[in-house]
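Take a look at the structure below.
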Amino acid sequence: MLALRNTQKLSIRALLPTACKNVGHLSYSSSSQSKDDDGSSSSDDEKRTKKQRKPEEKSTETAAQRLNRLLGTMQMQTTDQLAGTDFPRPGDANRRRREAIKQDAAANNVITAAKNIAGMLGTNENDKKQTESELLAKLLGHSAEGGSDTKPGDDKGTPAAAGGTEKELNLSELIVGMKIDRRQQPHQSEPTRGEYVRRTLASRSKPMTGDLTSRRPQRHVKREPATFSGSVNLYGGEPLGIFTKGDAKLQDSPDILSTWSLLNERELKLHAAHPPANYFEQMIQWTNQGKVWRFPIDNEQDMQEEADVDFSEHIFLEQHLEGWCPNKGPIRHFMELVCVGLSKNPYVTAQEKKDHIFWFRDYFEAKKDILKDLMSKESSDNVNKITA
Amino acid sequence: MYLSRQLRQLPRSRLTRHIASGNGTHYTTAARPAAEHIEIPKRIERSPTDLLQALASTVGRDSTAPHYKYHDDPFLIPMSNIAKRTYALSKEAGRKAANWIKEEHRELFMHQEAQPPIEKFAPSMVYTEESEVDASSLQLLISQGEVTDAVLVYNLLEQKGIEVTDALKQSLLELVCFYNNQEPLPEEYIEERWFMQNNRRRERHGKTWKDGELAEKLYAAIEPKTPQSYAALIRGMAKYLQCERAYALLQEANEKRIQLDTNTYNAIIQIVSFIKDTAELRWQMCTSLLNQMAEQQLQPNLGTLNAVLECISTFGNFKLARSSALKVLPEFKQLGVTPSLGSYYYLLIIFCRERAPVSHVIIDILNDIAGKEFKVEHPKDTFFFATAMDVCRNHLHDKALAKRVDDLLHTGNNYDLIGDSFKEGIYYRNYLALLCQTESIEDFMQFYDMLVPNIYIPEPGIMEEILRAIEINGAVEHVPRIWSDMVIFDHTHRESLLLYVLRIMVDNRPNPELPAQQQLPKQCAKVAMDMYNKIEESVKRIKKVSFTGQMLGDILTLLVRDNSSFDQAVEVFNYIDKQQHRIPGTPADSALFEYIEATVLNKSPSQALLALQYAVENNMETSALAKRIHEGFTLSEVHLAKLKSLVGEGFINK
């Protein structure tokens, strides 16, 4: 069906030049008609309209190309749509308005001619209408071109320049045409998709080896690649059967290399890393790099050795004086001051504080004799003073 | 009496009622908690970044604002691809310089500002030949992934004859194998990584494994050989493509009946394509490796799936590749292995090949994964989106599919898997090119406004595609906008683009009746003048663009179409006239004709005659010009004489 329509379209295209010849005089007459209309106005106006028509003719030229392109890009579902029907595009309404004015005189003739040709070509009513509209779409483009070409020779520069750009435009048209061809491939392979589905269904019921043998001879068939297009049933095929054999008992295999897997994880994370996109992400990045405190902010974070030590052990240090320190006197006084000072110091650990106090204990122990001497001396001095 | 009794009773009854009602309410309040048991939820342990991640997820991407990394200085916001790269890398270079100062002048940074202290801000440890080291410092360095320091410390320990345990040696061997004894790029240089990967595409081509170096010495030092030591060396060799030896080592391990693990087999399967040449041999080897795994009862994982698919993707034989991929997938589905984006990437490159029939496998893939969120699980996961968009554009040419891929990209955190700047560029290049070929120009311009310039800046090639779309749609009103973008993106030294812009503007004469196009002649003239100045300036640049006659003619045409810029048109024409020996080619005839039209309108016959003289000197078509001059002006004697001397008297008789 599709192929049939394609050939029909082609035949219409092939017929077009002859059709143009047939309707050629009509288009000429249309252009001369419009020129006469212009001629009635002043010469300056004529120049202006000519100027206006020049880009216009180019725009219709590109419009024709656009039609071709759209014909090519149309999906296969839309092929039943008429190729010549209007596609909304910018500036369309404006162009149509201007065209309508120009065509008033000639359009009827063109339409009847197109109808005749369509009548000759088409077999059923639908086809007739289609070819007719297709022809009309083509002819309207051609009549504009023809009109410009047959303009009097006093401004030969314009058509020449137009021709120059036309060539380049055709080049781009050619590239677009290539795309059309490629995109038509799936269309052509369409009928064979059913075949492919049937085969996959068949292969599913068959055992794996049978499937392999059934596929191997076909590998040399030339038309084979076309059958491999379209939808793919990713998980519906025959499994490989290496691990899924009934008797295979698989055990989980954790990575035996701990350092390797750690590094691998880090590398993977870096693969998905991207520059931070807002301040929060920036903070996340800094947190992960250890440049800021971790949330929730806790002034005891990273406190490893002191984590289990109660605050009381930092503050109530007098307990360490029990047992060696005299209950009163200058040493007691001194040591109490030491305890107060240490209890206020946040920079040393409780153990260090304890050690500090015990250092004094050992010190005083070592100097016991001297101290006793001094004390007795002092007390005797005091006695002397009092007595004196 | 009665009354007094009543009075006495009144408050009592009230009181009792009150008590009763009070009791009632009391009962209800007491009963309710018994019925509705309040369950205090258990505390959820949050990681330090959970809160930040929740906050970050509320901030979407604003396409009208530049990326976060660029907005520090509004004046310097980069607007072209090269500027973006330079800016980001300079910022990071600044960070590097600061880091260098910190390391170089460590004595200045011995103080601790923060309490609790932040280790990162303290100067890092430096290990030299004289350092006092022990096994614990080696342990620390390995866990930090510091390759060179770890190796140095290991050597020191050896010299001092300090015993290193086998476990530590094994860790070091893994570290050295993983990085091939090369210092990796530090983790924190995220921009460098983001932009660097462009040049890393070549990495898979040759062997980079360092034969006979430290890794192999470490391996030799571990006696007796454990499965771990085999695995580490095999994976290292496979990673750095010392394929034959890796495979030989695997065979040796098998002969000695040493049980390896799945990941080691994965590493070997990945390099099958380097060991065997043809597709059949590769597939054979692949299946035999898988069979070995099954014999050893190793559960395959995602890495196995991706390794097998990678091996299949290197098959030249399309049909074999396809059929084997379709056998592997159900197999792993039955094993309960969920494919990652990397697996789908391999599927795409297996099915969608340039010289193979068109495949719509991407539709099935998208049906499978649309709306899902992905996390990075495999290094190739980041290749999926760029490849998928490439398939949408070049293989299927399907706009709807491209939009589905884009939806997937913007699902959850999937954007993290875009990869790097290079892959992001490819992705958007394909997306924009596809849209401009398939969308109507209005819809396309909406996408353009959304993506350009903050998310993506089109390369010159894509700019040409956009211009082509504008030309095909005749949407000349978008040209001034595109031109200003081209100036910002630094595309103005591309001659082909300049010519294209000019051609669109000349070919599509603006229609003053349309309100959208009323300003166009003026804008086009501005663009033309801008272009003229740009080209004149470019003489000083290295990549200079030179005028051609055609180009100047187009500029001239555009200038005369706007009534107010006739003076500039005269200036440009004088330039053409004076430099006519230097400029290759001449303006188009139509350009001269329009110029003469303009001289008529502006009543300057001498300019018109100059143009005619130019036409005559350059052997162009002159009769039409002469006729127009003759008709348009009432010429003075002098001018008439000149006209006659230029073209002869023939024109009057016409």
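Please work out if B:Ile275 is surrounded by fewer than 17 Cβ atoms within 10 Å (Cβ to Cβ) and within 17 Å of B:Lys239 (Cα to Cα). Judged against the criteria, B:Ile275 is a match. Take the residues in region B:432-481 that are in contact (Cβ under 8 Å) with a residue 40 or more places away in the chain, within 14 Å of another protein chain (Cβ to nearest Cβ) and not in a helix (DSSP H, G or I), then tell me which one is surrounded by the fewest Cβ atoms within 10 Å (Cβ to Cβ). Among those that are in contact (Cβ under 8 Å) with a residue 40 or more places away in the chain, within 14 Å of another protein chain (Cβ to nearest Cβ) and not in a helix (DSSP H, G or I), it is B:Ile455. Of the residues making up region B:600-643, those that are of a type in the set (Gly, Ala, Ser), buried (at least 19 other Cβ atoms within 10 Å of the Cβ) and over 56 Å from the mean Cα position of the chain (by Cα) are B:Ala626, B:Gly632. What are the residues in region A:269-321 that are more than 8 Å from chain B (Cβ to nearest Cβ) and charged (D, E, K, R), if any? Listed by number, the residues that qualify are A:Asp298, A:Glu305, A:Glu306, A:Asp308, A:Asp310, A:Glu313, A:Glu318. The single residue among A:Lys249, A:Lys245, A:Lys328, A:Lys291 that is basic (Lys, Arg), in a loop (DSSP other than H, G, I, E, B) and touching a helix residue (DSSP H, G or I) at 6+ places or on another chain (Cβ under 7 Å) turns out to be A:Lys291.
Reported count of residues in region A:340-384, each being more than 25 Å from A:Met303 (Cβ to Cβ) and among the polar types (S, T, N, Q), is 5. Where helices (runs of 4 or more DSSP H) fall entirely within region B:202-263, those with at least 1 residues that are small (Gly, Ala, Ser) and surrounded by fewer than 23 Cβ atoms within 10 Å (Cβ to Cβ) are at B:214-221, B:243-255.
Look at B:Ala591 and say whether it is of a type in the set (Gly, Ala, Ser), at pLDDT 85 or above and either over 16 Å from B:Leu552 (Cα atoms) or not in a loop (DSSP other than H, G, I, E, B) (or both). Criteria met by B:Ala591. Just to be sure, is B:Ile363 at the interface with chain A (Cβ under 9 Å from one of its Cβ atoms) and without any contact (Cβ under 8 Å) to a residue 40 or more places away in the chain? Considered against the rule, which asks whether it is at the interface with chain A (Cβ under 9 Å from one of its Cβ atoms) and without any contact (Cβ under 8 Å) to a residue 40 or more places away in the chain, B:Ile363 comes out as yes. Checking each residue of region A:258-265 against the condition of being at the interface with chain B (Cβ under 7 Å from one of its Cβ atoms) and surrounded by fewer than 17 Cβ atoms within 10 Å (Cβ to Cβ) gives no match. Restricting attention to region B:55-80 and to residues that are within 12 Å of chain A (Cβ to nearest Cβ) and surrounded by 15 or more Cβ atoms within 10 Å (Cβ to Cβ), the residue that is nearest to B:Asn413 (Cα to Cα) turns out to be B:Ala56. Looking across region B:81-124, the residues that are in contact (Cβ under 8 Å) with a residue 12 or more places away in the chain, in a loop (DSSP other than H, G, I, E, B) and more than 14 Å from chain A (Cβ to nearest Cβ) come down to B:Met110, B:Pro123.
Rundown of residues vs (1) small (Gly, Ala, Ser); (2) touching a Leu at 6+ places or on another chain (Cβ under 9 Å); (3) more than 9 Å from every other protein chain (Cβ to nearest Cβ), yes/no style:
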| residue | (1), (2), (3) |
| --- | --- |
| B:Ala588 | yes, no, no |
| B:Leu609 | no, yes, yes |
| B:Gln613 | no, yes, yes |
| B:Val616 | no, yes, yes |
| B:Asn619 | no, no, yes |
| B:Ser623 | yes, no, no |
| B:His639 | no, yes, yes |
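Of the residues making up region B:408-423, those that are of a type in the set (Gly, Ala, Ser) and touching a helix residue (DSSP H, G or I) at 6+ places or on another chain (Cβ under 6 Å) are B:Gly419, B:Ser421.
The residues of region A:299-340 that are of a type in the set (Val, Ile, Thr) and either more than 22 Å from B:Ala114 (Cβ to Cβ) or more than 60 Å from the chain's Cα centre (by Cα) (or both), listed by number, are A:Ile315, A:Ile331, A:Val338, A:Val340. Output the number of residues of region B:381-412 satisfying the condition of being more than 9 Å from chain A (Cβ to nearest Cβ), closer than 22 Å to A:Pro276 by Cα and in contact with a Phe, Trp or Tyr (Cβ under 9 Å, 6 or more places away or on another chain). Qualifying residue count for the region: 9.
The residues on offer are B:Phe351, B:Phe374, and the sole one that is of a type in the set (Phe, Trp, Tyr), touching a residue at least 40 places away in the same chain (Cβ under 8 Å) and buried (at least 20 other Cβ atoms within 10 Å of the Cβ) is B:Phe374.
The values are calculated or read from the model by the stated rules, or taken from the named source; none is laboratory data. The structure presented is a predicted model; accordingly, all values stated were derived computationally and were not measured. All Cβ positions, glycine included, derive from the backbone under ideal geometry; neighbour counts span all protein chains shown.
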